[in-house]
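What follows draws every value from the coordinates through simple rules; no lab data is involved. Note that this is a predicted model, so its numbers are computed, not measured. Cβ: placed from backbone, ideal geometry, glycine included. Neighbour counts: every protein chain shown.
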Amino acid sequence: MTVRDIQEILHATVISGEEHTDREVHTACGSDMMSDVLAFVKDQSVLLTGLVNPQVVRTADMMDMVCIVFVRGKQPDEAIVRLAESRDIVLMNTNLRMFTACGLLYDRGLRGGNDGNE
Amino acid sequence: MAMSDEIRLRFEISGDDFTRAGEASSSVKKELKKLGIDPQAVRKVAIAMYEGEINMVIHANGGAIDVVIHPDCIDMILKDNGPGIENVALAMQEGYSTAPDNVRSLGFGAGMGLPNMKKYTDEMQIETERGVGTTVTMKVHI
Ligand SMILES: Nc1ncnc2c1ncn2[C@@H]1O[C@H](COP(=O)(O)OP(=O)(O)OP(=O)(O)O)[C@@H](O)[C@H]1O
Ligand SMILES: [Mg+2]
């Protein structure tokens, strides 16, 4: 699926990076702990999170992720948006909660990646 | 790069602005990409240095990071004048953290950073003294 598909499935609003929404994504992860994302994520390209601070973008950047979805309608500030733009990372938000957002994406074929259980 | 060539980068890390933590790692990542270094090696350096940079900010009130890019490896030296690490073996264990709740609410403090740095680098040493500071040295082969 593409970043655009994620936006449609989650009824999300693209906040920035509209020009990158045709990128292909195969795996995702959901977490509010950046420590865990850094430690356990391998090649996931989408991060769903309820945490809003610049370190979310930096973490995604270090992991070469292409898209961040803020759940529960969280809105990043201007500095976070600019940071994401400079890293070519798409930002979007959805009013859905974490569990539901992840479930919908899983149902449509997005997977968690290399966690040994799939 | 010829064998004798090396590129040195130095960053001062501020200890009182968490929102800027990671800027140094981010610029190193960009620089390595620009040099055309293998993406796997770039990712290893980026993650290990970012974990170390965050540690400097949340545990040691900042410090300095030197990065030396050699033709066959990348060295990172992270030096701070923070409180030091009382028990390194314990600190290296997954899940061990002294981070306060406010750090956890920022998304860090799971006690995964040091083990992760070890995992992503080919060599890692910690020199530390209580009340004096900590120096973490890491090497990633290209
Ligand atoms: N530069 C440092 N100066 C002083 N203490 C440190 C330093 N780096 C790490 N520590 C100590 O080692 C512990 C473990 O570090 P580690 O990076 O593994 O976990 P953390 O930073 O607490 O959480 P996480 O990295 O998962 O966000 C820290 O909680 C802290 O007590
Ligand atoms: Mg840490």
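Below are the figures for this structure:
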{"item": "On Cα atoms only, tilt of B:39-60 relative to the major axis of chain B in degrees", "result": "30 degrees"}
{"item": "Percent antiparallel among DSSP beta bridges (both partners in the protein assembly as shown, rounded to 5)", "result": "75 percent"}
{"item": "About the Cα centre, charge dipole magnitude for the protein assembly as shown (Lys/Arg +1, Asp/Glu -1 at Cβ), debye", "result": "300 debye"}
{"item": "Above-threshold pairs, the threshold being 27 Å between Cα atoms, out of B:Lys29/B:Lys118; B:Lys29/B:Lys79; A:Lys74/B:Lys79", "result": "A:Lys74/B:Lys79"}
{"item": "Chain A: relative contact order as a whole-number percent, Cα under 8 Å and 6+ apart", "result": "32 percent"}
{"item": "Helix axis angle, B:23-34 relative to chain B longest principal axis, alpha carbon, degrees", "result": "20 degrees"}
{"item": "Averaged over B:108-120, number of beta-carbon atoms from partner chains that fall within 10 Å", "result": "3"}
{"item": "In sequence order, calculated HN-Hα J values of segment A:88-93 (Karplus, 6.51, -1.76, 1.60; Hz; x Gly/Pro)", "result": "6, 9, 6, 10, 8, 10"}
{"item": "Proxy reagent accessibility, fewest Cβ within 10 Å first, across B:Glu86, B:Glu127, B:Glu51", "result": "B:Glu86, B:Glu127, B:Glu51"}
{"item": "Per-residue ³J(HN,Hα) for segment B:113-126, Karplus 6.51 cos²θ - 1.76 cosθ + 1.60, θ = phi - 60°, Hz, x for Gly and Pro", "result": "x, 4, x, 5, 4, 5, 4, 8, 10, 8, 9, 8, 10, 10"}
{"item": "Helix-only [θ]222 nm of chain A, DSSP H runs n ≥ 4, -39500 (n - 2.57) each, per residue, nearest 500", "result": "-10000 deg cm²/dmol"}
{"item": "Karplus (6.51, -1.76, 1.60) ³J(HN,Hα), θ = phi - 60°, over segment B:66-72, in Hz, Gly and Pro reported as x", "result": "10, 10, 10, 9, 9, x, 10"}
{"item": "Relative exposure of B:Ser25, B:Ser14, A:Ser86, judged by other C-beta atoms within 10 Å (fewest first)", "result": "A:Ser86, B:Ser14, B:Ser25"}
{"item": "Least to most buried among B:Lys33, B:Lys139 (fewest other Cβ within 10 Å first)", "result": "B:Lys33, B:Lys139"}
{"item": "Span-like helix ranges in chain A, DSSP H, alpha carbon extent 24 angstrom or more, Kyte mean at least 1.6", "result": "none"}
{"item": "Within 10 Å of each Cβ in A:3-15, the average number of Cβ atoms from other chains", "result": "0"}
{"item": "Radius 14 Å from Cβ of B:Thr128, net charge of other residues (Lys, Arg +1; Asp, Glu -1)", "result": "-2"}
{"item": "Within 10 Å of each Cβ in A:43-52, the average number of Cβ atoms from other chains", "result": "1"}
